[in-house]
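Where a number appears in this text, it was derived from the coordinates with a stated rule and is not lab data. All values derive from a computational prediction rather than experimental measurement. FYI the Cβ positions are ideal-geometry reconstructions off the backbone, even for glycines, and counts take in every protein chain you see.
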Amino acid sequence: MRHIISALVENRPGVLAKIAALVRARGYNIDSLSVGETDDPTISRMTFAVIGDDRILEQVTKQLNRLIDVIKVLDFTDRDYVERELVLAKIACPPGHRGQIIELMDVFRGRICDLGPSSVTVEATGDEKKIEALIELLRPFGIKEIARTGLVALLRGDPKDRNGASRGVRARKSAPPPVAPGTSPADSGDAGAPLA
């Protein structure tokens, strides 16, 4: 079964390698991977697609949640979500065939990014099925190069369930604030903490 996993992680060097190694150690191949900064520059969102057994993937998700750099992990499988992918494709296209490419891109709500003497570069966004369909229709023209971003996804609608609790959310793991030398935690506003 294909699983779409979304993880909010600390935006630090090495986090991607740790997570990829953990998934790989369980025998999964990451089918698609996309990582980018969120609205908070200290946090990144990783979205990856893997194909595998539900039971083992549940173990992987639990292990991801235990990593110090991981803030939140969600398995979007069997949930209502929006997914998108971007594709850039350079197509062999002499001037006489450009009209066909332009019409095709209009149908797929894509656009022409670059025109060369014998090629056209196009871009399109959509779910994986739409991108695959576009690529198949571009093949007869002759694809010179292609680049795909990988999947990005977000849950649809309100992230809260019927009880008002956020689904899959857990507190961000961090060390307690440092206490300045010569002061106690009570001086920093934590009046109930014992003195060190």
Task: Arg2-Asp106 FRET efficiency (beta carbon distance; Förster radius 30 Å; 0.05 resolution) - done: 0.50
Open item on the list: Quick query: amide H of Ser119 versus all other amide H atoms, modeled in the peptide plane; which residues come in under 5 Å with a sequence gap of 5 or more or a different chain?
Closed with: Cys93
Open item on the list: Suppose a student asked you for the relative contact order of segment 2-79, using Cα pairs under 8 Å spaced at least 6 residues apart; what percent would you report?
Closed with: 47 percent
TODO: At 7 Å along the Cα-to-beta-carbon direction for both Asp114 and Leu22, put a label point, then send me their distance in nm to one decimal.
DONE: 3.8 nm
TODO: Sort the following peptides by mean Cβ neighbour count (other Cβ atoms within 10 Å, averaged over residues), highest first: 48-56, 92-100, 35-43.
DONE: 48-56, 92-100, 35-43
- [ ] Take the Cβ-Cβ distance between Ala92 and Asp31 as r, set R0 to 30 Å, and report the resulting FRET efficiency rounded to the nearest 0.05.
- [x] 0.60
Open item on the list: Using the crude model of +1 on Lys and Arg Cβ and -1 on Asp and Glu Cβ, and no other charge, please compute the dipole size for segment 83-148 relative to its Cα centre, in debye to 20.
Closed with: 160 debye
Open item on the list: Could you tell me the calculated FRET efficiency between Asn65 and Asp127, based on Cβ-Cβ distance and R0 = 30 angstrom, to the nearest 0.05?
Closed with: 0.65
Task: 15 Å Cα-Cα reach of Lys72 towards aspartates and glutamates, excluding residues that sit fewer than 8 places from it in its own chain - done: Glu10, Glu37, Asp40, Glu58
